[in-house]
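See below for the structure under consideration.
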Amino acid sequence: MRPKFKWLISFFHAFLLLAFTAYWMGTGFTYGDEQLVIKWSSIFKRLALHIDKDPPKKDFIFINVAYDKALIPLEDGLGNEVITDREKLAQLFQVIKKHQQDIRFTICDIFLQGKSDQDSLLQNAVSGMNNIIFPTHFDKNGNIEKLDLHVPKAIADYRMANSGFLKFKLFQSDSLPTIPVLLYEKLNHRKFNYSNGIHWDNGKASHNSMIIDYQIRAHEVFEEKEYPVVTLSEILLLPEDVIFNEFLKDRIVVIGDFNADAHDTIYGSTPGTLILLNIYLTLKDGQHIVSMWWVLFLIIGYTVFSRLMLFPAPDEDENNPSWFGPLLASASYLAIFSIVSYLLFNQHIQVLIITLYINTLRFIIQMRQVEWNKTQFKKWLLELRETYFNFK
């Protein structure tokens, strides 16, 4: 086969790999090989290249409610359950409500189910607040759970892979926005819409699932104290003007249980509230936008990859197709390709699945070639024998 036809086939095969990549990025699944590539490429980007900077510390305040609990009766049986102290929450929200025009946004990652004697107080404090959001979840039947208070809410669910939290779907069931989406739309004056099977951000194609770039990591907040963290009880001991001017003004207020609500990530245990904030920061950086330069980068990279893998050098033993060598070579190529994609476009690609696919395809092609060669050889012997005997 002529080289130009090999390149032409490789070029069209690149679009198949591109479609596969788009499908994979639209799912909420991750694989073990991604964890290693993503972790070390992120470390390299931050420590070696110094192009992964922390968000400004003055933009956030973290309020921990882990030590501010109350008991309420169980609704469906005897005994009590533990919830966040809603009276103290109401006191804080009264201050936030009074100064809400000068507070950027409030993320209150507290699930308001269960009834307490302080619900009316909390409801009055929240009513009329615009820049605030609470979480809700899906129940076991796939329905959105109702809260016991009327508050602004959005989905906060995600899928946990075996390796921990890695990928997040911006819209559940393709149309239900999550907390980071609403936060992004309000703070950045953007608007998502969904049409023709694609999500659009102000007219630009968007990924629905994306790997999160952890710009604020748990150890930076709770161990190294790079960002301000206070407990709910501590902040309520201060005068109102001090609470507002020193802690709340011009900040995003992040409220949650940073002790109990923790999840495994590639950077260690991380509070769910901090995960939601990092998803918003990833959106803010535009890492969900599908760049045409990135698509062109994939087409070129996949074309070269297909040419190398599907049309091996002629000096290979055609009667004994190899497996391990091409498998290692393709995995190495795709790993480097994914790292370069992340460094240039903040996008990773699948390594393991594409590696298995391309090597399976390569092996089938080579086996068919071996079978064809044997058939041709037998045909040649038959023609030779007929020619010889006819000559005799």
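Counting only heavy atoms of protein chains, what accessible area per residue, in Å², does the range 213-330 have with a probe of 1.4 Å? Mind showing how you got there, number by number?
On the way: 5250 Å² over 118 residues.
Result: 44 Å² per residue.
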Fill in the blank from the handout: Out of ILE300, ILE255, SER209 - ranked by how far each Cα lies towards the positive end of the dipole of the range 198-317, with unit charges on the beta-carbon of charged residues - the top one is ILE300
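Just how large is the dipole of the range 198-351 about the Cα centre, in debye to the nearest 20, putting +1 at every Lys and Arg Cβ and -1 at every Asp and Glu Cβ? All intermediate terms of the calculation are to be shown ahead of the outcome.
Values: 7 positive and 19 negative charges, 106 e Å.
The calculated dipole for the range 198-351 is roughly 500 debye.
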Practice task
For the range 114-221, just run the numbers: alpha carbon Rg, then divide by 2.2 N^0.38 Å, N being how many residues it has.
Solution key: 1.24
Completion exercise
Of the residues LEU183, SER195, VAL82, the Cα lying farthest along the dipole of the range 75-202 towards its positive end, which is defined by charges on the beta carbon of Lys, Arg, Asp and Glu, belongs to SER195
Practice task
Would you mind checking which residues have amide H under 5 Å from SER209's amide H? H placed 1.01 Å from N; only 5 or more apart, or other chain.
Solution key: LEU170
Handout entry: Percent accessible area from carbon and sulfur atoms, the range 92-150, protein chains only, probe 1.4 Å
Key = 43 percent
Completion exercise
Taking placed amide H atoms and a strict 5 Å upper bound, the residues 5 or more places from GLU81 or on another chain that come that close are ILE72, LEU74
Problem - Solvent exposure of the range 61-124 as accessible area per residue, Å², 1.4 Å probe - result: 50 Å²
Problem - 3J(HN,Hα) from dihedral phi, the range 58-74, Karplus parametrisation 6.51/-1.76/1.60, rounded to Hz, x for glycine, proline - result: 6, 8, 9, 9, 9, 10, 8, 9, 4, 9, 10, 10, 9, 9, 10, x, 5
Handout entry: Relative contact order computed over the range 36-157 (Cα-Cα under 8 Å; 6+ residues apart), in percent
Key = 18 percent
Practice task
Anything over 21 Å Cα to Cα? Flag those among LYS88/LYS115; LYS98/LYS284; LYS58/LYS284; LYS57/LYS249, in the order listed.
Solution key: LYS98/LYS284
Problem - Around THR106: net Lys/Arg minus Asp/Glu count, Cβ-Cβ under 10 Å - result: +3
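The values are calculated or read from the model by the stated rules, or taken from the named source; none is laboratory data. Just so it is clear, the model here is predicted, and its values are computed rather than measured. Glycine gets a Cβ as well: all are built from the backbone with ideal geometry, and neighbour counts include every protein chain shown. Accessible surface is based on the protein model in full, side chains and every heavy atom, while ligands, DNA and RNA are left aside. Shrake-Rupley method; radii C 1.70, N 1.55, O 1.52, S 1.80 Å.
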